[in-house]
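As structure tokens, the structure follows; a few thoughts come after it.
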Amino acid sequence: MSTWVIGRPSGPAWQGAPEVSVDQLVPDGKRLLVVAPHPADEILGCGALLYLARRAGRDVCVLLATDASTRFIDTCAALGELGLGPQSLAVLELPDGSLDRWQAEFSRAVVLTMRPNDVVVMPWREDGHADHEVVAQAVLDALQVLPVPYLEVPIVGLRSARSNSETLPWSRAVRLPVEAVARARKEAAARCFTSAAGCAADWLEYDDEVFFH
């Protein structure tokens, strides 16, 4: 089973890493399943990958653990910017900030959502946010039931990597070049979340999305 970590580093920590394509990350015949703790996490973490996978003809599904009514509307608008309709979104509406109480239930929901041909994207298991790490562990538990390739995305962890690149294993990095159109689509999607507007620049600064294997 392939394992990757996805994120956006800075400076020389990622320069020179081998390039990968969407076809390598989500091969033909695979579905991209993005499992996110909160609305906007899926955009900030891997919005370009979502867009590029859909443009390449892949099926895409986004599974959100939590929801707030206004951010649900934002999420639908953001996914629309990436070429995804509401049929691509599933929301469990678990309570924000207390996912640890629902980890087993969430893991079962992930199993029910997963398909044998999935490539799963989840938060980095050491992301530094309780809900993110609970979701990661729930997905890892689900993968024991249905083993498929998966990716990990540091969202909160990205900020610590900006000041201390040693916090993530950049030596094992490969990078997905984000072309201008994909970058613009991700930026437009991020702007749909007014609550995330102040921090979105941290995830939009670079022209690559980077994975560790």
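The values are calculated or read from the model by the stated rules, or taken from the named source; none is laboratory data. Treat the numbers as computed from the prediction; the structure is a model and nothing was measured. Here the Cβ positions follow ideal geometry from the backbone for every residue, glycine too, while neighbour counts run over all protein chains shown.
Put simply, of V174, V181 the only residue that is outside any helix (DSSP H, G or I) and either at pLDDT 80 or above or touching a His at 6+ places or on another chain (Cβ under 7 Å) (or both) is V174. From the list A184, A180, the one residue that fits, being within 21 Å of T75 (Cβ to Cβ) and small (G, A, S), is A184. The C-beta contact set for segment 19-40 (first residue hydroxyl-bearing (S, T, Y), second residue surrounded by 24 or more Cβ atoms within 10 Å (Cβ to Cβ), distance under 9 angstrom, 6+ apart or interchain) comprises S21/L52.
Number of residues in segment 74-93 that are outside any helix (DSSP H, G or I), buried (at least 17 other Cβ atoms within 10 Å of the Cβ) and either over 18 Å from the mean Cα position of the chain (by Cα) or touching a residue at least 60 places away in the same chain (Cβ under 8 Å) (or both): the value is 1.
Checked against the criterion of being assigned to a helix (DSSP H, G or I), more than 14 Å from V34 (Cα to Cα), in contact (Cβ under 8 Å) with a residue 12 or more places away in the chain and not charged (D, E, K, R), the candidates G157, G128 yield just one match: G157. Say whether the condition of being among the acidic types (D, E) and over 22 Å from G29 (Cβ atoms) is met by at least one residue in segment 52-66. Scanning segment 52-66 turns up no residue that is among the acidic types (D, E) and over 22 Å from G29 (Cβ atoms). Take the residues of segment 43-72 that are more than 23 Å from V22 (Cα to Cα) and small (G, A, S): which is modelled with the lowest pLDDT? Residue satisfying both the conditions and the ranking: A68. Considering every residue within segment 94-109, establish whether at least one is in a strand (DSSP E or B) and either over 24 Å from E205 (Cβ atoms) or among the aromatic types (F, W, Y) (or both). The answer is yes, given that some residue of segment 94-109 is in a strand (DSSP E or B) and either over 24 Å from E205 (Cβ atoms) or among the aromatic types (F, W, Y) (or both). Tell me the residue from A180, A173, A104 that is among the hydrophobic types (A, V, I, L, M, F, W, C) and over 19 Å from D208 (Cα atoms), please. Only one candidate qualifies: A104.
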